[in-house]
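Quick notes on the structure that follows.
The values are calculated or read from the model by the stated rules, or taken from the named source; none is laboratory data. As the structure is a prediction and not an experimental result, all values here were calculated from the model. Methodologically, a virtual Cβ is constructed for each residue, glycine included, from the backbone with ideal geometry; neighbour enumeration extends over all protein chains shown.
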Amino acid sequence: MRAKELLPSLAVLSLLIALWWVIVIETNSAIFPTPLQVVTATWELVEDGSLWQHIGSSLFRVGTGFLLAVCTAIPLGLWLGRVDGAYITLNPIFQILRPISPIAWIPIAILWFGVGNASPIFLIFIASVFPLIVQTAAGVHTIERRYLRAAENFGVSRYQLFRQVIIPAVLPEIIVGMRISLGVAWLVVVAAEMIALRSGLGYLIMDSRNAGNRYDLVVAAMIIIGVIGLFLDGLMRLLEKLKTIRWRYGR
Amino acid sequence: MADKIVVSNIKKSFVANSEILPVVAGVSLTVANGEFVAIVGPSGCGKSTLMKIIAGFEPTDEGQVLIDGVVRKKPNPNGILISQHGSVFPWLSVQQNLMFGLIGTEHGDKAELADHYAALVGLKGFENSYPHELSGGMLKRVELARALAVKPEVLYMDEPFSALDALMSLRMRTELRRVLEEERHTVLLITHDVDEAIQLADRILVLSTRPSTIQATFAVPFAHPRKLSSPEAQALKEAILRELGV
């Protein structure tokens, strides 16, 4: 069943690669690589071990920034969702900050944190924290009144209200928020690494171009970024299968 | 019997499109300790609003609700509301739902108590199921057992079985009666189903159309289990329907 579903995608993908190959050969492009050249370039990176180093750096930055965002956004989102005064006061501010592209923060990140790891981590944090706050608060707002009424009726403590009603009720929204956030975070780390630093997949792209137009390496890095992004999303999708949130997705 | 619930002259209006809409216009009633009182009324007559006020979920504009002589302002575990749409938590298992209201240490072994009530309402074997795996009738049983587990003095039931199909609704009435034989509770039931009221209640109050007032009171002197097809029950039903203008 699964393999059958994948078949059309794989067919189109093979077609695209074939088309790419034909066009590069037909146009006698001196710089743009063929798929084979990209594979060779990737193998080159695997052999000298630098590929793992770049992937590791990027993942470390995404992981740290994303975790910081999760630790900040979930409590903040729950609080905003429950306390109307806080929501009315802070929501407009988040709505202003949210549409500012994380790329626009790059100069400020460099100013505040220099060109070490802190800069991209900060950018990832900025990029992923707002969607998650908004999604969590919205999730709290959509909890059905009847559940809150029942909790009120049984006279449970605030702690039990959060642990057994609010958090499980919002968990599906939080997981959707985390998927969105992680997607944005991965998008941003690559962009952030293009500016400075000496490692990471974004750095690899800029460095390959600058160091003698190695477009085979550029395309190789792009494809690796895409594959890892797909893998990260798959990881977040696994969370949707948790037993405690399956109620949300019907029978 | 002492009066458990004393409702005196409750009034409630809502403001809709800058117009004042009176919903409840001076309702007074008493429910004795251990009594089962049913309130019947046409749809949209303000029954649910009245119930929310009595259970403490909505403030009243005028009048007051006394439970055991104490003014009721907020809901508490001594009176549990079971409503039409149900409020079984879908993210908790049946057993966890039944244990939800068991707060503090006075309940002893909570899991054991939960399982006892699960068995009482016919949920034995479903303790570890999740609500999405259960049918509508089963969910009602969970709701009922969760309420009974905290040993409330009053059960407020707002059209509890109206979302079920006719057969299941009939079955749940019998079940409820059986449970009430085992554990005596004061019950206030709101329904638009006259048969349901006659089968379950000791006394039936008929509510007028909006703004609602109590229009008539009927005693139901039949012994349980009741046969709705008996001539006395049929006569009572016709009298109630006449009050409802049907």
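Quick notes on this one:
- Boolean, residue A:116 is more than 9 Å from every other protein chain (Cβ to nearest Cβ) and not in a helix (DSSP H, G or I): yes
- Filter result (within 9 Å of another protein chain (Cβ to nearest Cβ) and polar (S, T, N, Q)) within region A:162-191: A:164
- Meets criteria (aliphatic (A, V, I, L, M) and either surrounded by fewer than 17 Cβ atoms within 10 Å (Cβ to Cβ) or within 14 Å of another protein chain (Cβ to nearest Cβ) (or both)) for residue A:148: yes
- Selected residue (only one of B:66, B:123, B:164, B:148 is within 13 Å of chain A (Cβ to nearest Cβ) and not polar (S, T, N, Q)): B:148
- From the list B:101, B:46, B:34, B:63, the one residue that fits, being small (Gly, Ala, Ser) and assigned by TED's automatic domain parsing to the domain that holds residue B:144, is B:101.
- Among the criteria (1) in contact (Cβ under 8 Å) with a residue 24 or more places away in the chain; (2) surrounded by fewer than 20 Cβ atoms within 10 Å (Cβ to Cβ), the one residue A:163 does not fulfil is (1).
- Some residue of region B:55-68 being closer than 24 Å to residue A:160 by Cβ, among the polar types (S, T, N, Q) and touching a residue at least 24 places away in the same chain (Cβ under 8 Å): no
- Residues in region B:69-98 that are closer than 24 Å to residue B:131 by Cα, away from chain A (no Cβ under 11 Å) and within 19 Å of the chain's Cα centre (by Cα): B:98 only.
- Residue match in region B:143-150 (condition: of a type in the set (Lys, Arg) and assigned to a helix (DSSP H, G or I)): yes
- Residues of region B:131-179 classified as in contact (Cβ under 8 Å) with a residue 40 or more places away in the chain and of a type in the set (Ser, Thr, Tyr), total: 3
- Evaluated against (1) of a type in the set (Ser, Thr, Tyr); (2) in contact with a helix residue (DSSP H, G or I) (Cβ under 7 Å, 6 or more places away or on another chain); (3) within 14 Å of chain B (Cβ to nearest Cβ), residue A:159 falls short on exactly one condition, (2).
- Within region B:25-32, one or more residues are more than 14 Å from every other protein chain (Cβ to nearest Cβ) and free of Cβ contacts under 8 Å to residues at least 60 places away in the same chain.
- Enumeration of residues in region B:103-142 that are within 20 Å of residue B:165 (Cβ to Cβ) and not in a helix (DSSP H, G or I): B:121, B:122, B:123, B:126, B:134, B:135
- Among (1) surrounded by fewer than 16 Cβ atoms within 10 Å (Cβ to Cβ); (2) among the hydroxyl-bearing types (Ser, Thr, Tyr); (3) modelled with pLDDT under 85 - the single one residue B:230 does not satisfy: (3)
- Residue A:67 passes every criterion in (1) assigned to a helix (DSSP H, G or I); (2) over 20 Å from the mean Cα position of the chain (by Cα) apart from (2).
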